[in-house]
Every structure is written in structure tokens, then in C-alpha cells.
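*Asks:* One structure coming up, written as C-alpha cells, with questions to follow.
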Amino acid sequence: MTTNSDPIRWGILGTGRIAHSLATDLMLVPDGRLVAVGSRSTESAETFAKEYAANGPVRAHGSYEELAADEDVDVVYIASPHSHHLEHATLVLEAGKHVLCEKALTLNAADSQKMVDLATSKKLFLMEAMWMATNPIIRRLVADVRSGRFGVPRHVHAELGFVADPERHQRLLDPALGASALLDMGIYPLTFAHLLFGEARALTAQANLGEGADGATFDLDLVMTGKYAGNELSTMVSSVTSYSSRAAAIATDRGRIELTDFHHPSSAVFTPADGGEPVEIVGDEPVIGAGYGNEIVEVQRCLREGLLESPLVPHSQTLSLMRQMDMIRESIGARYATES
């Protein structure tokens with residue numbers, strides 16, 4: 001096992017786009033190192049391994065089972081589709097490895113609870129890869145809003161969407177793989193509002209649905225509203241058929257906070273309603289790479305401190321949001337073909 005002076009040794013399960021994003025930022029984190037990658041094909045694993053070998057050799061495994069059995073791996077990043085997260089995380093946890101699992105954690109709250117329970121029983125670290133919650137600007141913004149620095153928050157609006165190309169984004173349109181504007185994009189505005197206001201007391205939704213095989217239905221466009229404990233309100237939009245602003249705004253009784261690319265912002269600005277000077281909200285530490293680096297740093301901090309969950313992305317928050325998404329899917333009539 002790794003000591004506090006050794007690098008944290010990472011394995012990546014999967015070689016898709018998001019796996020490349022995390023591997024790129026991992027190279028920027030001094031005390032973390034990619035040592036292995038697993039894929040369903042040896043060729044794909046070898047190509048990926050060669051691309052990220054600048055900081056040392058990366059072993060290429062032609063199966064996920066081989067990666068899970070690699071004794072030189074401390075923590076595995078699960079980068080497979082939502083529909084396979086529980087299966088793959090179970091494989092890795094049973095092999096005694098810590099897990100960072102791509103969001104959404106699973107297709108539903110029941111499966112997420114299974115994963116959390118397994119990690120807890122094995123005394124292993126598990127975190128949903130909600131990189132937005134580890135972004136330094138988001139962390140400072142949430143702290144400032146909760147402290148009342150910019151007045152009493154009354155409403156948040158956040159939207160995230162783009163046009164999914166059937167050839168380049170096939171997973172996003174395939175119900176067998178957990179296709180859903182909610183699971184891929186809607187989880188961000190839901191989490192953003194949750195970070196600011198806590199768990200939603202009420203949620204409503206309207207959606208345009210698509211159809212897949214075996215009677216599966218999934219949301220293509222989704223509008224959600226939420227109400228929270230302090231009577232704060234949220235309006236949230238996600239889509240795989242249209243381009244959104246990717247922005248968020250928080251309205252308070254003293255002015256307005258605005259973010260571009262709110263799920264991985266490089267800045268946030270408060271504009272007072274009384275005509276005062278705008279205030280830039282700055283993180284307490286820099287954003288590392290595209291922002292996945294901060295997520296990596298948080299995982300490694302937790303591992304070095306012997307924590308089984310991150311205070312920035314606690315299991316309770318992940319499970320709460322999964323329950324919220326279950327409720328939304330039920331209300332709009334979406335049903336995924338591969339749910340257990």
C-alpha cells in the first residue's frame with residue numbers, strides 16, 4: 001500500500017473521452033500517477049497507455065478484470081457508461097481498490113445505495129466524480145452565498161445542453177447505456193442548486209421524451225423547478241437537442257451573481273443592484289488543468305487522511321441527488337432499459 005510520501009497510483013477503467021480528460025489533468029498533479037488502464041480491447045488500452053506515459057510507464061490491460069487485479073493500483077477511476085457503473089465499481093471494490101466513479105453514480109438511487117454499502121463494508125473510499133463540487137470557484141461561491149456575503153439568495157437558474165450527434169455521441173442517445181439529458185447534463189444544475197440551498201423539498205419537471213428498444217423512454221429535453229428549505233427557488237434546464245448558454249445566475253436581495261460554463265467556471269461575478277462595483281469571486285486555490293485536477297487532489301487528500309468519503313462530495317449528497325433524479329424520471333415517464 002501507498003504511504004503518505006508515495007505517489008497515489010491510479011488506474012483508469014475505460015478509454016473514452018472522459019477518461020482522456022481525467023488522464024490529462026492527472027499529469028498535472030505532482031503526487032498522483034497513472035500506472036494502469038483497462039479496456040475491453042488490448043489495442044485500445046495500449047494506445048491510451050502510450051499517450052499518457054510521459055510521467056512513467058502505464059500498464060495496458062485488455063480487460064477490466066486484469067485492471068482490478070493489478071496490485072500496483074491504489075484507486076480506480078470508473079469511466080464507463082452509467083449503465084455499467086455498478087458492475088464495474090463492484091469489480092474494483094471487491095478487488096480491494098478505492099473508487100472514483102463517473103457521474104451519475106448509477107442509473108438509480110437503489111443501485112447507488114448498493115455501491116455505497118459495498119464500499120462502506122469493505123472500508124474503501126468511494127466518491128462520485130462530481131468535479132464541479134471540487135472546483136475552487138464553486139467552493140468559494142457556495143461559501144460566500146451561504147454566509148450572506150451577497151445578500152439573501154432567492155432564486156438560481158442554471159442550464160446545460162448541446163446537440164448530441166448520433167455518430168459522435170451515440171451513448172447519449174442509447175437507452176441501453178443510460179441515455180438521458182438528466183443523467184448527463186441535468187445532474188449539474190440539480191447539484192449546483194443543492195450545493196447552494198441543500199436538498200430540494202419539492203421538484204417538478206416537464207420533458208420531451210425519446211424512445212428506444214424494449215419500450216425504453218428517455219428525456220431529450222428537460223425543464224425542472226425546485227423549492228428549498230429557506231423558500232429559495234430554482235429553474236434548471238438540460239438538453240441533448242439544443243445549445244444552451246451553459247450559464248448560471250443567482251438572484252439575491254442585493255444583486256446578481258453570474259457564471260459562464262457554471263459546471264467548470266473560470267470566473268464568477270456579483271453585480272450589485274445599487275450600481276456599485278462588480279465583485280469577482282475568486283477561488284482559494286487555482287483551477288488545475290480543465291478542473292479534473294482539483295477532483296484528483298481531493299481524492300488523494302482523502303486517501304492520505306484515511307477518509308472513506310469526501311466532505312465535498314459526501315455519499316449523502318450523491319444519494320440525495322439520485323433520489324431526486326428518480327423522482328423526476330418517474331414524473332416525466334422516463335424508463336431506462338438496463339435498470340436492475
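None of the figures in this text is laboratory data; all of them are computed from the coordinates on show. Computed from a prediction, not measured in an experiment: that's the story for all the values here. Cβ placement follows ideal geometry from the backbone for every residue including glycine, while neighbour counts extend to all protein chains displayed.
*Asks:* Relative contact order, percent, of the chain when contacts are C-alpha pairs under 8 Å separated by at least 6 residues?
*Replies:* After rounding, I find 19 percent.
*Asks:* Oh, and also: Run a plain Debye calculation on the chain (Cα atoms as equal point scatterers, no solvent) and give log10 I(q)/I(0) at q = 0.11, 0.13, 0.14 Å⁻¹, rounded to two decimals, same order as the q list.
*Replies:* The computed values of log10 I(q)/I(0) come out as -0.71, -1.00, -1.15.
*Asks:* With +1 on each Lys and Arg Cβ and -1 on each Asp and Glu Cβ, how big is the dipole of the range 164-262 about its Cα centre, in debye rounded to the nearest 20?
*Replies:* Dipole of the range 164-262, to the nearest 20 debye: 420 debye.
*Asks:* A further question follows. For the range 142-151, just list the computed ³J(HN,Hα) in residue order, Karplus coefficients 6.51, -1.76 and 1.60, θ = phi - 60°, integers in Hz, with x standing in for Gly and Pro.
*Replies:* Whole-Hz 3J(HN,Hα) from phi for the range 142-151: 4, 4, 5, 5, 5, 7, x, 4, 10, x.
*Asks:* Return the ratio Rg/(2.2 N^0.38 Å) for the range 150-275, where Rg is computed over Cα atoms only.
*Replies:* That ratio works out to 1.15.
*Asks:* Let me ask something else. If you look at just the Cα atoms of the range 216-340, how large are its Rg and its Dmax in Å?
*Replies:* Final numbers for Rg and Dmax: 18.2, 54 Å.
*Asks:* Under a 10 Å cutoff between Cα atoms, tell me which one of L100, L222, L28 has the largest fluctuation in the Gaussian network model of the chain.
*Replies:* Answer for the Gaussian network model of the chain: L28.
*Asks:* Around R59, which amide H atoms from residues at least 5 apart in sequence, or from another chain, sit under 5 Å from its own amide H, with H modelled in the peptide plane?
*Replies:* A36, V37
*Asks:* What is the dipole size for the range 1-67, taken about its Cα centre, with +1 at each Lys and Arg Cβ and -1 at each Asp and Glu Cβ, in debye to the nearest 20?
*Replies:* Roughly 60 debye, rounded to the nearest 20.
*Asks:* Another question, then. Using the Kirkwood radius over Cα pairs, work out the Stokes-Einstein diffusion coefficient for the range 78-206 at 20 °C and 1.002 mPa s, in µm²/s as a whole number.
*Replies:* Translational D for this selection: 130 µm²/s.
*Asks:* Same structure, new question: When the C-alpha atoms of the range 1-82 are aligned to their principal axes, what extent does each axis show, in angstrom, from largest down?
*Replies:* 34, 25, 24
*Asks:* Could you tell me the largest-minus-smallest coordinate of the C-alpha atoms of the range 38-122 on each of the three principal axes, in descending order and whole angstroms?
*Replies:* 38, 23, 20
*Asks:* Relative to the first principal axis of the alpha-carbon coordinates of the chain, what is the inclination of helix 315-332, with its axis defined by its Cα atoms, in degrees from 0 to 90 and to the nearest 10?
*Replies:* Approximately 70 degrees, to the nearest 10.
*Asks:* Something else: Pick out which of G62, G283, G306 has the largest mean-square fluctuation in a Gaussian network model of the chain, springs linking Cα atoms closer than 10 Å.
*Replies:* Checking each option, the largest mean-square fluctuation is seen for G306.
*Asks:* Against the 2.2 N^0.38 Å scaling, with N counting residues, where does the range 179-220 land? I'd like the Cα-based Rg ratio to two decimal places.
*Replies:* 1.40
*Asks:* Between S242 and N4, what length in nm is gained on full extension when 0.36 nm per residue of separation is reduced by their alpha carbon distance?
*Replies:* Contour length minus Cα-Cα distance gives 81.0 nm.
*Asks:* Cα-Cα pairs above 14 Å in the range 203-257: how many percent?
*Replies:* 67
*Asks:* Set Lys and Arg Cβ to +1 and Asp and Glu Cβ to -1, take the dipole of the range 158-233 about its Cα centre, and tell me which of A205, G226, A176 lies farthest positive.
*Replies:* G226
*Asks:* If one computes P(r) from the Cα atoms of the range 1-159, what percent of pairs lie at distances over 20 Å?
*Replies:* Counting every Cα pair in the range 1-159, those more than 20 Å apart make up 54 percent.
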